[in-house]
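Working notes for the structure below.
The values are calculated or read from the model by the stated rules, or taken from the named source; none is laboratory data. Fair warning: this is a prediction, and the values are worked out from it, not measured in the lab. Cβ: placed from backbone, ideal geometry, glycine included. Neighbour counts: every protein chain shown.
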Amino acid sequence: MSSAVTILDGGMGRELLRSGAPFRQPEWSALALIEAPEFVERAHDAFIAAGASVITTNSYAVVPFHIGEERFAENGLELADLSGRLARASAGKAGNAVRVAGSLPPVFGSYRPDLFDAAKAPEILDVLIKGLSPHVDFWLAETQGSTAEVETIRAVLGSDERPLWLSFTLEDRKDVDAIVSGSTQPILRSGEPVADAAVKAAELGAAALLFNCSQAEIMEAAVKAARKALDERGFATPIGVYANAFVPKPENTEEIRANSGLSGLREDLDPPGYLLFARRWVDAGATIVGGCCGIGPEHIAELHETFHPRPVAA
């Protein structure tokens, strides 16, 4: 079991903050890219040293939502390219042991599938893809809140033959106990059942299906629901998880608006605590494990030491 687990990196934003990089809202992790890119490369290096065999470009916040319409129009392509070059430079130091995933974020804000605009999204995604394309081994559409978002990404990528990993964020502000107990099925933030989203991802040709930036408690149920749905349809799509360490937030749109403030982190999700959840995800069928917001190199080191990863075919 453990020898087949691929280890991802952790959360870039909090690692930049912890390292002393320039960091504020609304730019989030893009600010270091703009003002002090050396911090970004150091963060990549730290995750690789901890044992990550996949690192993700720091392009998540290179969207108008974070850096503004004017800056994105003037510098978006340049910043996307820089995020790709920095990741590739760090991966290059490790030889062929580390792959680079090109981060394609929710272009209108995290956790807000209700704001998704299928007509406007392609223009933003096209800039990211063009900037990242020379540097990445595969694509990672992450923190996607609906199937409409991933359908658009698949369409914009067009004939690009590199693998596409699709990662959904889950509704984790209500019914968490019911989801954990199995009396309620996990859903995306759009309200779509995980089982349906898993099948859609496979039909779109996803080389891997993941769940990220949600509470650690609900990930096991998501893995089980996805694995069951995929198996029933004859799909062997690998499944992965990288949870966040945020303190749970109430079901209130204004309070959970993406990046409206710096969220608190849970004390119980230290490296040993996070590993306890990761073991359950792997037992449930996950073969790709890493961390999202608040999960640092020390967590990744714990995962690496436990699972002795080897890369899986993307």
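Per-structure values
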| quantity | calculated |
| --- | --- |
| Count of segment 31-66 residues which are under 25 Å from Ala97 (Cα atoms) and free of Cβ contacts under 8 Å to residues at least 24 places away in the same chain | 3 |
| Entirely in segment 19-108, the helices (runs of 4 or more DSSP H) that have 3 or more residues that are of a type outside the set (S, T, N, Q) and within 23 Å of Leu303 (Cβ to Cβ) | 38-50, 69-93 |
| Residue, farthest from the chain's Cα centre (by Cα), within segment 116-145, restricted to residues that are buried (at least 21 other Cβ atoms within 10 Å of the Cβ) and more than 20 Å from Leu86 (Cα to Cα) | Ile124 |
| Unique match (being over 19 Å from Ile288 (Cβ atoms), under 17 Å from the mean Cα position of the chain (by Cα) and hydroxyl-bearing (Ser, Thr, Tyr)) among Ser90, Ser110 | Ser110 |
| Qualifying positions in segment 172-194 - crowded, with 21+ Cβ neighbours inside 10 Å and touching a residue at least 24 places away in the same chain (Cβ under 8 Å) | Asp172, Ile179, Pro186, Leu188, Arg189, Val194 |
| Contacts under 9 angstrom Cβ, first residue in segment 301-314 being under 12 Å from Gly291 (Cβ atoms) and of a type outside the set (Asp, Glu), partner at pLDDT below 75 and surrounded by 14 or more Cβ atoms within 10 Å (Cβ to Cβ), 6 or more apart | Leu303/Pro309 |
| Meets criteria (in contact (Cβ under 8 Å) with a residue 24 or more places away in the chain, closer than 30 Å to Glu123 by Cα and touching a Pro at 6+ places or on another chain (Cβ under 8 Å)) for Ala197 | no |
